[in-house]
1. Could you give the nm distance between label points at residue 157 and residue 98, where each point is 7 Å from its Cα heading toward the beta carbon?
2. At 0.36 nm per residue, minus the direct Cα-Cα distance, what do residue 167 and residue 187 gain on full extension? Give it in nm, one decimal, please.
3. Starting with the fewest neighbours, write out 176, 154 ranked by other beta-carbon atoms found within 10 Å of each beta-carbon.
4. In Å and on Cα atoms, what radius of gyration and Dmax does region 149-196 show?
5. Return the Rg/Rh value of region 99-196, two decimal places, where both radii are evaluated on C-alpha atoms and Rh is the Kirkwood radius.
């Protein structure tokens, strides 16, 4: 009985819509719609893909035209292709033989950053950022360490912290044991470390 009443109600509602028409709401007046323009679509030949063997030490050759990583749905899996460790204003870094291979997830979280007797906080995450991924420092007395804004992992062993421009290297670090990274400032070569 209830089912029949509901069915009759729906039929009445639909018949009322049909007889009332949609003209006053613009839904049933298809003749007034102008057709879309029919301009031909241009096409061009795609370039060849870069084979992975051109990047023997890197598993991330996919980089956009701006030098930024091609972002995917997760964001955390994109990586920069950066064949050099420094920029024109800094000397090249060498990775010590004792440096262990790292994964990006080894760096995530909060750390204590030291420069001599001075300590401050360092936060590292996988948010895509200019130059790599987002990093930040808090409470640092050193003006260079205050500029940490991004990080990247080079050759799976060297952690590079970058300034706000995403290019200027602030410091480079390696790890020979879990939970501790040793390195040096790019500008003056002084010893730095971060740990937790």
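All of the numbers you see were taken from the coordinates with simple rules; none came from a lab. Just so we're clear, the structure is a prediction, and the values are computed from it rather than from any experiment. Every residue, glycine as well, gets a Cβ built from its backbone with ideal geometry; the counts of neighbours run over all protein chains shown.
1. 1.3
2. Values: separation 20, 0.36 × 20 = 7.20 nm, distance 1.35 nm.
Gain on stretching residue 167 to residue 187: 5.8 nm.
3. The most exposed by this proxy come first: 176, 154.
4. Answer for region 149-196, Rg first and Dmax second: 10.5, 30 Å.
5. For region 99-196, the value is 0.91.
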